[in-house]
Amino acid sequence: MKLIDTHCHLNDEQLYQDLDNVISRALQTGIEKMVVIGWDKDSSLKAIKIAEQYPFIYACVGFHPENLEGVDDEQLNEVLNLYSHPKVVGIGEIGLDYHWEKDLQKREIQKQFFIKQIEFANKVGLPISIHSREAFQDTLEILKEHKPLHGGVMHCYSESVENIQDIINLNLYIGLDGPVTFRNAKTPKEVAAEVPLEKLVLETDSPYLSPHPLRGTVNEPSNLILIADEIANLRDMSKKHLLEVVYDNSCKLFNL
Ligand code: NI
């Protein structure tokens, strides 16, 4: 079994406090590589620190839209400049989150940071990991105007089947997570069945979004197998074939 978790937060205290065990359980289930995603300065530094300790772990650095309070250009550049570390493979997670942010001025700030981080990734030749929650149209508009030149992934894709082509047209991968396993998750299951195989990557977003039947527990990379099982079922294809293609996609996405 060859698996890559392309989006996990081993830098979150819930996983970091038990890091060695979390990683050994991941390796036991066939996870061969993991990409640890930052959301602010401390988490980006911690992602790099973890990646330095394990040859099969990589890092992304950046500011998540919910973590921009009090962040100025100097701090943003400080984090983005971590890109030159040899284990940094992308900028992320970056994007828009309108679920928690209702203030229009603050949404404007989210947009500005998103654009700056896309432009930076383009300048230094890295892909991006995109977070978009209840903000799909604005996310799409920004991505069309500021095309990610070195690719990237729409992390935890939660839109409909009809919107998949918009993402593919931008040269982005579709990241699928625990929700595809949720019993009543009609749309994620449809997406999992329909997304072109060569555009699919798998992620846990651990410690969040534990797949069924572990919902409500602390998620970790070893649970990626539950997501893979469900997608193979939904597509009525062999898990082996699914995982081979997804593994290659993941390596291409982050140049691993
Ligand atoms: Ni995340």
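Coordinate-derived values only; no laboratory data. Fair warning: this is a prediction, and the values are worked out from it, not measured in the lab. Here the Cβ positions follow ideal geometry from the backbone for every residue, glycine too, while neighbour counts run over all protein chains shown.
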Given axes a ≥ b ≥ c from the Cα gyration tensor, I'd like to know whether the range 63-168 is rounded (a/c under 1.5), prolate (a/b larger than b/c) or oblate. oblate
C-alpha center-to-center spacing [the range 1-51, the range 62-83] in angstrom: 21
Mind checking which helices in the chain clear 15 Å along their axis (Cα) and have mean Kyte-Doolittle hydropathy of 0.0 or more, DSSP H runs only? 224-235
Inter-label distance for Asn233 and Ser84, nm, one decimal - labels placed 7 Å from Cα along Cα-to-Cβ: 4.9
Want the number for Glu141 to Cys251: 0.36 nm per residue separation, take away the alpha-carbon distance, what's left? 36.9 nm
Report the percentage of all Cα-Cα pairs in the range 118-256 whose separation exceeds 22 Å, rounded to a whole percent. 36
Length added when fully stretched, Phe56-Glu162, from 0.36 nm per residue minus Cα-Cα: 34.6 nm
Quick query: amide H of Gly152 versus all other amide H atoms, modeled in the peptide plane; which residues come in under 5 Å with a sequence gap of 5 or more or a different chain? Ile128, Tyr173
If we count every other residue with Cβ under 11 angstrom of Glu119's Cβ, Lys/Arg +1 and Asp/Glu -1, where does the sum land? +2
Counting each pair of different Cα atoms once, what's the Kirkwood radius of the chain in Å, rounded to one decimal? 17.9
Within straight cross-link reach of Lys123, meaning Cα distance under 16 Å, which lysines are found once same-chain residues fewer than 8 apart are removed? Lys147
Computed from the beta carbon distance with a Förster radius of 22 Å, FRET efficiency for Glu119 and Val71 to the nearest 0.05 stands at 0.85
For labels at Gln14 and Asn169 in the simple 7 Å Cα→Cβ model, what's the distance in nm? 3.6
In the neighborhood of Cys60, defined by Cβ-to-Cβ distances under 15 Å, what is the net charge if each Lys or Arg adds +1 and each Asp or Glu adds -1? -3
Scaled by the rule-of-thumb 2.2 N^0.38 Å, the alpha carbon Rg for the range 100-151 gives a ratio of 1.14
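Any of Lys46/Lys252; Lys41/Lys186; Lys106/Lys199; Lys106/Lys144; Lys49/Lys106; Lys199/Lys240 with alpha carbons more than 26 Å apart? Name them for me.
In this structure, Lys41/Lys186; Lys106/Lys199; Lys49/Lys106 exceed 26 Å between Cα atoms.
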